[in-house]
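**Student:** One structure follows; several queries about it will come next.
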Amino acid sequence: MKVYNTLTRKKEDFITITPGKVKMYVCGPTVYNFFHIGNARTFVVFDTIRRYLEYRGYKVDFIQNFTDIDDKMIKRANEDDITVKQLGDRFINEYYKDADNLNIERATKNPRATEYMNEIIEFVETLVEKGYAYEVDGDVYFHTKSFKEYGKLSGQNLEELQLGARIDVDNRKKDPMDFAIWKSQKPGEPAWESPWGMGRPGWHIECSCMAYNLLGETIDIHAGGIDLTFPHHENEIAQSEARTGKAFANYWLHSAFVNVNNQKMSKSLNNFFTAREILEKYDADVLRLFMLSGHYRTQINFSMELLDSTKSALDRIRNSINNLESLLEEVKTEKIEENEKEYVKELDKYKEKYIEKMDDDFNTADAISVIFDLVKDVNINININSSKEIIEYILELIRELGSPLGILQKYEKGSLEEEIQKLIDQRQKARKEKDWALADKIRDELKEQGIVLEDTPQGVRWKKI
Ligand code: AMP
Ligand code: ZN
């Protein structure tokens, strides 16, 4: 398996510290709001990578943190007139609702920064003792110059980084690039007792600390969105490697942005859609297929039109599954026939191809094309004369290839019915509002899926033709 490593800027063979096991840490959300489609891509991408590693037989220890104390948390809690803890509780809860609906597997653990205060303080203390960090008026800074390899992840040295960075001039710091790992309390802010007085941790230290405590000194994969490369991950490396003298992570993986009109989707630009509002209109498979249709290191553009075309594409697979399931009831032969055995070999080639693509730095874009090719092939070659056994084999195969992508799993008759009912309800609403164009559009969409509607005195009925 090959993995692109941001640290070396190369695709490398994937070799884990312990054979068969992966220690993986992904930077999670700051829990002050609902997450948007941009954040969702990061979560979906690394969930898919984790699922694929598991599919390939690894046992994955998957840690994704919740940042539940920082400036944004404090500001929002003040606005809502609640405590930072209450805000964190609320949005962690909302995170799980959306992540579950996006079919994101639960992490092995989701540690909260505020639950690791003792460990964070101990981490900061160790860095001070070792001479990598210093205290000024209750703040503790990491001295970037003391860590010789600072800048190795970004591929730039300190001077180059300094030119590109927005630096707040603070004369108390030994060097403008030094960053806070402990911040003294400001009036009205939540704070914890520490050897430097009341205060709270900087953002970067929490990830170094939780990775260290939950996974150990060196981990296999550290991941996050591309914007975290600098300064967040650069600073994590400095802190962790300064403490242990060992490599922090062997592979650094970064996922690209979701854009809207070629601009990064972000809360500050107000060009975002929350995952929740999109999930009201599209199911998780559509959203995941959309996100995974591009390689995780390439940017994708978001628009409703693109989601619609993803939905049509997904329907092609779903229709095919549906047809296969109907055929199961109708075919006359149980056991696989001699002449079908060759065809099974053909089908297995799709699986080999899929694995080849995914083994190449998780190329979900090409892996998805393989699934479409498989479905096309099956549509042509499977019919009423096929055996039940081969149809079951194919259904199993489609689901198997969908599973690392987290799609095509819950697709059962029940959920199809629910989806059709949802569309019918939307059409009824459109008719009530005299939006005939929308009502017709929904009817046509259903017709494309082979569903016809009948108006009866008891309401709208549907049947499959
Ligand atoms: P935040 O809650 O802002 O700390 O972000 C959580 C995660 O989402 C981080 O890994 C970010 O890199 C990622 N992220 C934020 N905006 C986008 C975007 N537009 N596209 C992809 N990932 C994003
Ligand atoms: Zn982090």
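**Student:** Only loop residues by DSSP count here, and only those with at most 11 other Cβ atoms within 10 Å; note down the trypsin sites (Lys or Arg not before Pro) in the stretch 177-283 that meet that. Don't skip to the end; give the middle numbers.
**Tutor:** On the way: sites: Lys183, Arg243, Lys246, Lys264, Lys267, Arg276, Lys281; in loops: Lys246, Lys267.
Here the sparse-neighbourhood loop sites are Lys246.
**Student:** Ranked from highest to lowest mean number of other Cβ atoms within 10 Å per residue, what is the order of the peptides 433-444, 311-322, 249-260? Don't skip to the answer; put the middle values down first.
**Tutor:** Values: 433-444: 13.4, 311-322: 17.6, 249-260: 21.6.
Highest-to-lowest ranking by the protection proxy: 249-260, 311-322, 433-444.
**Student:** Sticking with this structure for a sec: Projecting each Cα onto the charge dipole of the stretch 415-464 (Lys/Arg +1, Asp/Glu -1 at the beta carbon, about the Cα centre), which of Thr456, Ala430, Leu446 comes out farthest on the positive side?
**Tutor:** Thr456
**Student:** Expressed as a whole percentage, what fraction of the accessible surface of the chain belongs to carbon and sulfur atoms when a 1.4 Å probe is rolled over the protein heavy atoms? Let's see the in-between values first.
**Tutor:** Numbers: 10370 of 21940 Å².
Heavy-atom surface of the chain belonging to carbon and sulfur, 1.4 Å probe: 47 percent.
**Student:** Using a 1.4 angstrom probe and counting only protein chains, how large is the accessible area of Ser309 in Å², to 10?
**Tutor:** 60 Å²
**Student:** Once the piece of chain linking Asp348 and Glu400 is laid out straight, how much longer is it, given 0.36 nm per residue of separation minus the C-alpha distance between them? Intermediate results must be reported in sequence, preceding the final value.
**Tutor:** Details: separation 52, 0.36 × 52 = 18.72 nm, distance 1.18 nm.
Length gained between Asp348 and Glu400: 17.5 nm.
**Student:** With each label point set 7 Å from Cα along the Cα-Cβ vector, what nm distance links Gln449 and Asp366?
**Tutor:** Roughly 3.3 nm, to one decimal.
**Student:** Going through the cross-link list Lys267/Lys441; Lys10/Lys148; Lys281/Lys353; Lys2/Lys267; Lys335/Lys376, which pairs have a Cα-Cα distance over 28 Å in this structure?
**Tutor:** Working: Lys267/Lys441 33 Å; Lys10/Lys148 22 Å; Lys281/Lys353 33 Å; Lys2/Lys267 34 Å; Lys335/Lys376 23 Å.
Too far apart for the 28 Å limit: Lys267/Lys441; Lys281/Lys353; Lys2/Lys267.
**Student:** Tell me the net charge near Ile336. Cut-off is 10 Å between Cβ atoms, Ile336 excluded, with +1 for each Lys or Arg and -1 for each Asp or Glu. Kindly include the intermediate steps, with their values, before the conclusion.
**Tutor:** Numbers: positive: Lys335, Lys341, Lys388; negative: Glu334, Glu337, Glu338, Glu340, Glu389, Glu392.
Every neighbour counted, the sum reads -3.
**Student:** Among Gly224, Ala107, Leu163, flag the residue with its Cα farthest along the positive direction of the charge dipole of the chain, charges on Cβ as +1 for Lys/Arg and -1 for Asp/Glu.
**Tutor:** Leu163
**Student:** For Glu129 and Ser303, FRET efficiency with R0 = 51 Å and r from the beta-carbon atoms, rounded to 0.05? The partial results should precede the final answer.
**Tutor:** Details: r = 53 Å, r/R0 = 1.04.
Working from the Cβ atoms, E equals 0.45.
**Student:** Turning to a different aspect of this structure: What accessible area per residue comes out for the chain, rounded to a whole number of Å², with a 1.4 Å probe? List each step's numbers first, then the result.
**Tutor:** Numbers: 21940 Å² over 465 residues.
Each residue of the chain exposes 47 Å² on average to a 1.4 Å probe.
**Student:** By DSSP, what percent of the beta bridges with both residues in the chain are antiparallel, rounded to the nearest 5?
**Tutor:** Details: 24 of 46 bridges.
Of the beta bridges lying entirely in the chain, close to 50 percent run antiparallel.
**Student:** Report the paramagnetic label zone for Asp315: residues of the stretch 432-456 whose backbone N is under 12 Å from a point 7 Å from Cα along the Cα-to-Cβ axis.
**Tutor:** 441-452
**Student:** For the stretch 303-402, rounded, prolate or oblate, judged on the Cα gyration tensor with a ≥ b ≥ c (square roots of eigenvalues), a/c < 1.5 rounded, else prolate if a/b > b/c?
**Tutor:** On the way: a/c = 2.96, a/b = 1.44, b/c = 2.05.
Note, shape of the stretch 303-402 comes out oblate.
**Student:** Still on this structure, please answer the following. Farthest toward the dipole's positive end in the stretch 303-402, which of Ser309, Leu395, Leu374, given Cβ charges of +1 (Lys, Arg) and -1 (Asp, Glu) about the Cα centre?
**Tutor:** The residue sitting farthest along the positive end of the dipole is Ser309.
**Student:** Let me ask another. Among the aspartates and glutamates, select those whose C-alpha is under 19 Å from the C-alpha of Lys145, and discard any that sit fewer than 8 residues away in the same chain.
**Tutor:** List returned: Glu125, Glu129, Glu135, Glu159, Glu160, Asp168, Asp170, Asp175, Asp178, Glu234, Glu236, Glu241.
**Student:** Counting only Cα atoms, I'd like the Rg/Rh figure for the stretch 31-146, Kirkwood definition for Rh.
**Tutor:** Details: Rg = 17.7 Å, Rh = 16.7 Å.
In the stretch 31-146, Rg relative to Rh is 1.06.
The values are calculated or read from the model by the stated rules, or taken from the named source; none is laboratory data. Keep in mind it's a predicted model, so treat the numbers as computed, not measured. Backbone-built Cβ (ideal geometry, glycine too); neighbour counts: all protein chains shown. Each accessible area value is taken on the protein alone, full model and side chains, heavy atoms only, with ligands, DNA and RNA left out. Shrake-Rupley method; radii C 1.70, N 1.55, O 1.52, S 1.80 Å.
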